[in-house]
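The values are calculated or read from the model by the stated rules, or taken from the named source; none is laboratory data. Please read these numbers as outputs of a predicted model, since none were measured by experiment. For neighbour counting, all protein chains shown are included, and Cβ atoms are generated from backbone atoms with ideal geometry for every residue, glycine included.
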Amino acid sequence: MDFVRAAILGIVQGLAEFLPISSSGHLILVPSLFRWKDQGLAFDVGLHCGTLLVLLIYFWRDWVRMFGTGLRDFSRYQFRFSRHGQDSRLLWLIAFGSIPAAAVGLLFNDWIEENVRQPWVVAITLAAFGVVMLVADRRTRNLRTMGSIGLIDVTFIGLAQAAALIPGVSRSGATLCAGLFRDIRRDDAARFAFLLGTPAFVGAAALTAKDLTGLSGREGLELGIGFVCSAAVGFAVIHFLLRYLRTRTLLPFVLYRFAVAALTLVIGAFRVA
């Protein structure tokens, strides 16, 4: 891999991780499109660490407030959650909502990595979930705030996050759409999706950190370039998306998913022919 390729993949990760278009899918499609050698799991892990850092930096005030309130309320009320404050309850809801993705990841992540990392699979899931996004965006009443999220909501959103382990679905897209199906406002659904995704990123990084050992000096530099690019672009994308969703719909992302899916299948067909 060269430095330009590392930067391109970092930019792709930063864009696709937070926009509802699937970062894992794009990290499969982009090398396939240009016929690059697969960048390897270690490089993908490094890129995901870049976007994890962005989540921690962008939402650090939320996490400090939730943990501070959570510790205080738990010391006073223990498991009497009805007496906990809103930030404390939100912390417990995020913990509960993270369980499905953690369980599915531990059980099936290796199988997913070995069996569904093909461009044609990504194309199908991009298009299929694009339909789901369109339905969610059209039917939502866009009324509820993040403060109204309860156990039923977070169970549904957590299951959607687990389904996003399949490349092409999109973790941010799946959790955002689940929130829309529960009539949560678009910007609040996105904000909760980012908060819910943080523990999943931390867990994935911890489990795969061993893959970062043993890199050569050049490989480490390439990884550093990808890391910086993914973090810088990711920060800008989070800021953009939260502002965008206050007044606009998901239609541009749906159309993009359909276009990329069609292009991928057409290119694949020509290459086979």
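Annotations
- Residue within the stretch 195-209 that is without any contact (Cβ under 8 Å) to a residue 60 or more places away in the chain, surrounded by 16 or more Cβ atoms within 10 Å (Cβ to Cβ) and of a type in the set (A, V, I, L, M, F, W, C) present: no
- For the stretch 246-268, the condition holds for at least one residue, the condition being that it is farther than 14 Å from C49 by Cβ, in contact with an Asp or Glu (Cβ under 8 Å, 6 or more places away or on another chain), at pLDDT 95 or above and surrounded by fewer than 16 Cβ atoms within 10 Å (Cβ to Cβ).
- Cβ pairs under 7 Å, 6+ apart, first in the stretch 135-147 and over 12 Å from T249 (Cα atoms), second of a type in the set (S, T, N, Q): G147/Q86
- Here T175 fulfils each of the conditions (1) closer than 23 Å to I28 by Cβ; (2) more than 19 Å from the chain's Cα centre (by Cα); (3) polar (S, T, N, Q) apart from (2).
- Taking the criterion of being touching a Pro at 6+ places or on another chain (Cβ under 7 Å), part of a helix (DSSP H, G or I) and either crowded, with 24+ Cβ neighbours inside 10 Å or of a type outside the set (A, V, I, L, M, F, W, C) (or both), the residues of the stretch 1-43 that qualify are S24, G25, L29, S32.
- Residues in the stretch 132-148 that are at pLDDT below 95 and among the β-branched types (V, I, T): T140, T145.
- The sole residue among A136, A162, A128 that is within 11 Å of the chain's Cα centre (by Cα) and not in a loop (DSSP other than H, G, I, E, B) is A162.
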